[in-house]
Amino acid sequence: MEKRAVLKNKAYLYLTEFFAGMAVMAVELGASRLLAPYFSSSQIVWTIIIGTIMIAMALGNMWGGKQADKNPNPDRLYLRLLVAAVWIAAIPFAGKYIIIGISGLLVITVSQNLLVIAAFMSCMLIFVFPLFLLGTVTPSLVKYTVGSLDDSGKTVGALNACNTIGSILGTFLPTFVTIPAAGTAVTFLLFSGVLLLLSLFYFLSAGTRKRTCAAALVLFILCNLAGSRGSFAFWERNLVYEGESVYNYLQVRETENSVILSTNVLFGVQSIHMKEEGLTGMYYDYALAAPVLAGAEEKDQMDVLILGMGSGTYAVQCRKYFPQAQVEGVEIDQKITDLAREHFELPEDVEVAAYDGRAYLKGVHKKYDVIMVDAYQDITIPFQMSSVEFFREVQEHLKADGVMVVNMNMKSQKKGNINEYLSDTIAGIFPNVYTVDVPGCSNRELFAFSDDSALSRLSQAEGLDRELLAHLENVENGLTLYHGGSRILTDDQAPVELLGMRVIDELIQDELGYYKELFQEKGIKGVLNGF
């Protein structure tokens, strides 16, 4: 067939390869942010995303190469790019409904590995087809650009270089520019728009498929209008804030009694602020035993470090019940700290470092009376803050009578669960390890210390708030001495994602009966409203 005028200069083909590579990486990173609010951003979810995308690209490479040999018509390639552009533009609008629909269906049909299966099926339905189409780009362009065997190696190398450079930009731009500045939805729309312009320019210069181009443009505009206004938690009506940072999806919602921060739309509360002063009724209250164990009543000043500050609930409680407490916090996500100041009444004089908790410990030489480790977020447990090496660093930053308190947020009764691994790891370092389960939720608090007299301070506490004293008695009655075992997590081997996923699966199973009853009584809408 006659070569299109726009393709007589191979620069347009190289440009196509460049932007196709950019779009693939942008969609991959966008996929992680689309799925994270529903399934977390754990290594397991990343594995599912990368695996499904590689499958799609491999199939696209094979099929695209065969089609290029069978019918070397560039119109077909740019038509596929046009379809991929519209599909990707529709993801911000349609993707969340597909995810919730799949999750709701699996809740009433699947008994194990719900999150893994739901994440995999969501990836397959949302991302495989457009990335399959993008996978056809390289073999097709090789067919159109290679003029002879004499320069085939040079030409293919140039195409791959364009694809790689585009992929590099497609990696950095979403992470550091478009997602933090404009969000996941706009990121999908921006990069799909580039693919759309490539295709429209090709067809308009050729003077063909005008109706197809017009239809694609209309659909793209509709996707922009629908996708840019949507909410991840589209069923919520009391959201004070919903947005994204470099690290997290962030949601602030308000109830009659509290303000809640969550980094997941389906499960989990990351932080909470109670509107009425007093105990929260949550795990923070149990963690308040740590300052008492560290001798708060005997000290004029108590240094407290919180690794995983969140919205500052524990910091505020420490300041309220222990006025001598000097609280410092570490929160890797600066946006969470900003929300804490704005919505959760975190005092301005509480210093919060935007840093990784373990890296922060390496950079300071100060010793603390209490170190609170509250960095475990649903199944997203940072492995570097779960290993024996990390807890050894925590111990080195504690005073002789200091106490470490760890919030373990996935309570389980099964042998070999994530909490047993964490507890065994900690017990290998600290001579005294006690745990207490928080009633009515999945949290378990662990206290670790070297001072053998610490426990007696809890039973002898007197000069504190009456409500707190009554609660501390309940904490003391619930404390259980933990005897360490051989399940040790290390920097080299810490399978926290798999261990966490097993407990999440168990917790979900406990709730399945409730959602199945909802489905039988009210159908899929009842399941959605029940989340």
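With surrounded by 17 or more Cβ atoms within 10 Å (Cβ to Cβ) and assigned by TED's automatic domain parsing to the domain that holds TRP87 as the only criterion, which of ILE165, ILE117, ILE126 stands out?
Within the list ILE165, ILE117, ILE126, the selection yields ILE126.
Given the conditions (1) in a helix (DSSP H, G or I); (2) touching a helix residue (DSSP H, G or I) at 6+ places or on another chain (Cβ under 8 Å), which single one is not true for ARG392?
(2)
If you take the residues in the range 437-455 that are at pLDDT below 95 and hydrophobic (A, V, I, L, M, F, W, C), which one is surrounded by the fewest Cβ atoms within 10 Å (Cβ to Cβ)?
CYS441
Since ILE371 meets every condition but one in (1) surrounded by fewer than 18 Cβ atoms within 10 Å (Cβ to Cβ); (2) farther than 30 Å from ALA119 by Cβ, which condition does it not meet?
(1)
Could you tell me whether the range 422-435 includes any residue that is in a strand (DSSP E or B), in contact with a Ser or Thr (Cβ under 9 Å, 6 or more places away or on another chain), among the aliphatic types (A, V, I, L, M) and crowded, with 18+ Cβ neighbours inside 10 Å?
Yes, the range 422-435 has at least one match.
Which of (1) surrounded by 15 or more Cβ atoms within 10 Å (Cβ to Cβ); (2) in a helix (DSSP H, G or I); (3) hydroxyl-bearing (Ser, Thr, Tyr) does SER41 not meet, given it meets every other one?
Evaluating SER41 over (1) surrounded by 15 or more Cβ atoms within 10 Å (Cβ to Cβ); (2) in a helix (DSSP H, G or I); (3) hydroxyl-bearing (Ser, Thr, Tyr) leaves (2) as the failure.
Have a look at VAL388, VAL364 and point out the one that is farther than 22 Å from GLU445 by Cβ and surrounded by fewer than 22 Cβ atoms within 10 Å (Cβ to Cβ).
The match here is VAL364.
More than 21 Å from ARG466 (Cα to Cα), touching a Gly at 6+ places or on another chain (Cβ under 8 Å) and either of a type in the set (Lys, Arg) or outside any loop (DSSP other than H, G, I, E, B) (or both): does that describe LEU346?
In short, no.
Can you name every residue in the range 456-482 that is more than 37 Å from the chain's Cα centre (by Cα) and closer than 16 Å to PHE430 by Cβ?
none
Looking at GLN317, GLN326, which one is in the same structural domain as ASP437 (by TED's automatic domain parsing), part of a strand (DSSP E or B) and over 22 Å from the mean Cα position of the chain (by Cα)?
GLN326
Tell me which of these VAL269 doesn't satisfy, since it passes every other one: (1) more than 14 Å from GLU345 (Cα to Cα); (2) at pLDDT 85 or above.
(2)
How many of the residues making up the range 255-266 are part of a strand (DSSP E or B) and either in contact (Cβ under 8 Å) with a residue 24 or more places away in the chain or touching a Phe, Trp or Tyr at 6+ places or on another chain (Cβ under 8 Å) (or both)?
Result for the range 255-266: 2.
So which residues in the range 217-244 are modelled with pLDDT under 70 and among the polar types (S, T, N, Q), if there are any at all?
Within the range 217-244, SER228, SER231 meet the criteria.
Test ALA290 against the stated conditions and say whether it is assigned to a helix (DSSP H, G or I), at pLDDT 95 or above and of a type outside the set (Ser, Thr, Tyr).
Yes: the conditions hold for ALA290.
Please pick out the residue among GLU473, GLU511 that is modelled with pLDDT under 85 and among the charged types (D, E, K, R).
Only one candidate passes the filter, namely GLU511.
Only one of ASP338, ASP349 is under 25 Å from the mean Cα position of the chain (by Cα), free of Cβ contacts under 8 Å to residues at least 24 places away in the same chain and over 26 Å from GLY500 (Cβ atoms); which?
ASP338
The values are calculated or read from the model by the stated rules, or taken from the named source; none is laboratory data. Just so we're clear, the structure is a prediction, and the values are computed from it rather than from any experiment. All Cβ positions, even for glycine, are placed from backbone atoms using ideal geometry, and neighbour counts span all protein chains on display.
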